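Notes to accompany the following structure.
The values are calculated or read from the model by the stated rules, or taken from the named source; none is laboratory data. Predicted model, so just to flag it, every value in this text is computed and none were measured. Note that we place each Cβ from the backbone using ideal geometry, even for glycine, and neighbour counts take in every protein chain shown. These area figures cover heavy atoms from the full protein model, side chains too; ligands, DNA and RNA do not enter into them. Shrake-Rupley method; radii C 1.70, N 1.55, O 1.52, S 1.80 Å.
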Amino acid sequence: MKHTLTLISALALLALPAQAAKLEQWLKLLPKNTVGYFAIKDAPELMTDWEKSGYGKMIADPEFKKWIAPVYKDGEPAWDKEFKEGTGEGLEANLKRIQGSVLLVIAGDSPEDMEDTAGKPFAILMEVGDQQAKWEELLAKDVDEDLTEDKELRKLTKDVAGVPLNVLAVSEEADAKWKQAYAFVDGTLIIGDKPALLEYLISAVKSGNGEVSETVTSHINRHAQLSDGTADITAYVNGETLMKWLEQTLTKTMKSGQSAMPIDPKTIFEALGTKEFQSIGFAVDLNDKESRIDFGLLHPANPTGLLTLFRGTSTDVPLPAFIPADVLSGQVGRQSLEEIYSGLLGIVNKLGPVAMMATMQISQIEQQMGFKIKEDLFGSLGDEIITTSDGEALEQSQVFGIKVKDHAKLVGVLESLKKFVGQGFGAAFEDTEYLGHTISTYKASQAATPGAASTEIGYCLTKDYLLFSTGKQEVLKKVLSRMKEPAGPSIWDSPRTQDLIASLPKNYFGLGVADASKQLLLVVDAMTAVQKQAAGKKKSGGAAKKKGPGKGPKADAAGETEAASDDLTEWFDPAARPSDEMFKKYLGTEASANYNLPEAFHVRMLSKPVQ
């Protein structure tokens, strides 16, 4: 089996696992130097729930299958090829050999441990149950093939806690690097090529005792609280370790003379508050009623660095009726730009002499503009922020809006800003009227040629909101129309959306709603556009025919681009693109909410199948 560890890693990431009990045990046995992990659980139930989900039903739809027909060669999918070369069977058959939980552990004591000089910094635990004999056969076959191809390799067996560890070493030397090693412990396959990590895991799983760090355990438990228990799929990153390594690496680089940074890295990290980034967690949970994704960033109470920029100001979140129901997405949140700006200045002020330079430069710019950024610009704005977007794959339209607190002051600020931007270049903005409002469009952003994609940037100050628009102004005009007369439902009003919002935990400072079918259609249309471009190049014989062998970086880049396009066209049939109705049949509305907890920033995304 070629590239065994790579194939098993792929299976670990793709597996829809079973029995959470094993996973819960393994998480208590993690090595004390754990940097992160990826885990999955509960195969039969999850597979059933996937088939019942909107995405599962969509993939089984005849229209969708016709679209991905190029994937199948002689009746079998392309992804089965490598697995059949290595194991004699396809992906699905190999997945069925995974009988339970899967855990991919990443561990190390320093940044150097993440390099592949002494073995990959990860190991995989996989519950194989009654499939152990088949796994032993496949792995033994792989070792024999490697020994035949490379006469320098040596096969040996080590005893670890009474468990035979099968090792394939690159030479006979006692400290030779391991190409691959594996062992079976009570129905669990443990595989990798890092000696210390493998030996620790084998002993820990065998005895049921480990040296897991209290810090890592605390992180895992706190993330589990955010996701309402251990989810079907989880990922974890130890931020405390990574931030420490980052500081050490930059300090080492400066001392070696390879960097001429004017500020000590320690001062930078203290100002940014990187030690407050305790960990990041990601969880996906599926059932036949809903799909849920949780993202958590853990931090200590009362953070003072960059994490203050994530803080919301209130959990009283209004739902503006002027966001139309037919757009791709709409979000509203409570955050203060004035507080964010103050927070950034606070970070800069911790940087010593650089802070004085930055303060002087800001003061000079303010004098030229004729207003104070914090007091006049941000001070005239409220803490309600809205965003909405719509459009097609190659022609997007977005609106970003901020509630106005002091309209009269903001009028003067915007006039001063327009004059400042246009200095020496004449009038920088072109004004147009729409329903009694003035839309100011930045001239340099207007399309240079008819039919070109719009990159327009403009703004409009209404009585209650300052609105910024990018791309075509259709969404901006829809918003302005609904501000004047909100005819028809808004993005928040459908029963399905109301049900999703009600299902989210309360006390969020930000709320978003999106049309999942439209989101996927954007991706589909982008793929179709790439395919058409690739087909056009093939038809014309390529963008630039070469008379010679075409060596060099440019030729390599062109070859890579063409190969990527070829790969894409081999996956999808552009002539069989599914109808919009097919996507809408299975994918509906998604809702998300942002939370400020005492010691975490939390995002939850929720969706429910349409049928």
Compute, for the chain, the length of the dipole vector about the Cα centre, with Cβ point charges of +1 (Lys, Arg) and -1 (Asp, Glu) only. Units Debye, rounded to 20. 1480 debye
How much accessible area per residue does the chain have, counting only protein heavy atoms and a probe of 1.4 Å, in square angstrom? 51 Å²
What helix-only [θ] at 222 nm does the chain give? Using -39500 (n - 2.57) per DSSP H run of at least 4, over all residues, to the nearest 500, the answer is -12000 deg cm²/dmol
Just check the range 17-222 against the gyration tensor rule for me: Cα atoms, a ≥ b ≥ c as the square roots of the eigenvalues, rounded for a/c under 1.5, and otherwise prolate or oblate depending on whether a/b exceeds b/c. oblate
Which value, in debye to the nearest 20, describes the size of the charge dipole of the range 17-222 about its Cα centre when Lys and Arg Cβ atoms bear +1, Asp and Glu Cβ atoms bear -1, and nothing else is charged? 580 debye
Aspartates and glutamates within cross-link reach of LYS155: Cα-Cα under 16 Å, excluding same-chain residues under 8 positions apart? GLU136, GLU137, ASP142, ASP144, GLU145, ASP146, GLU172, GLU173, ASP175, ASP193
So which of LYS22/LYS120; LYS179/LYS206; LYS252/LYS374 end up more than 26 Å apart by C-alpha? LYS252/LYS374
Given a 1.4 Å probe and every protein chain left where it sits, what share in percent of the accessible area of the range 17-222 is carbon and sulfur? 51 percent
Straight-line reach from LYS484: which aspartates and glutamates have a Cα under 18 Å away, not including same-chain ones fewer than 8 places off? ASP326, GLU433, ASP464, GLU474
Residue-wise, which Karplus ³J(HN,Hα) couplings in Hz belong to the range 24-39, taking 6.51 cos²θ - 1.76 cosθ + 1.60, θ = phi - 60°, and x for glycine or proline? 4, 5, 4, 5, 7, 10, 4, x, 5, 9, 5, 9, x, 7, 10, 9
Calculated from backbone phi, Karplus (6.51, -1.76, 1.60) coupling profile of the range 403-416 in Hz, x at Gly/Pro: 5, 8, 9, 10, 5, 4, 5, 5, 4, x, 4, 5, 5, 5
Among ALA235, VAL167, TRP67, flag the residue with its Cα farthest along the positive direction of the charge dipole of the chain, charges on Cβ as +1 for Lys/Arg and -1 for Asp/Glu. TRP67
For P(r) over Cα pairs in 10 Å bins from 0, in percent, the choices are (1) 3, 12, 18, 22, 23, 14, 6, 2, 0; (2) 3, 17, 27, 26, 16, 8, 2, 0, 0; (3) 3, 14, 22, 26, 21, 11, 3, 0; which was calculated from the structure? (1)
For LYS73, give me every one of the lysines with a C-alpha distance below 26 angstrom, ignoring sequence neighbours fewer than eight places off in its own chain. LYS2, LYS57, LYS65, LYS81, LYS84, LYS96, LYS532, LYS537, LYS538, LYS539
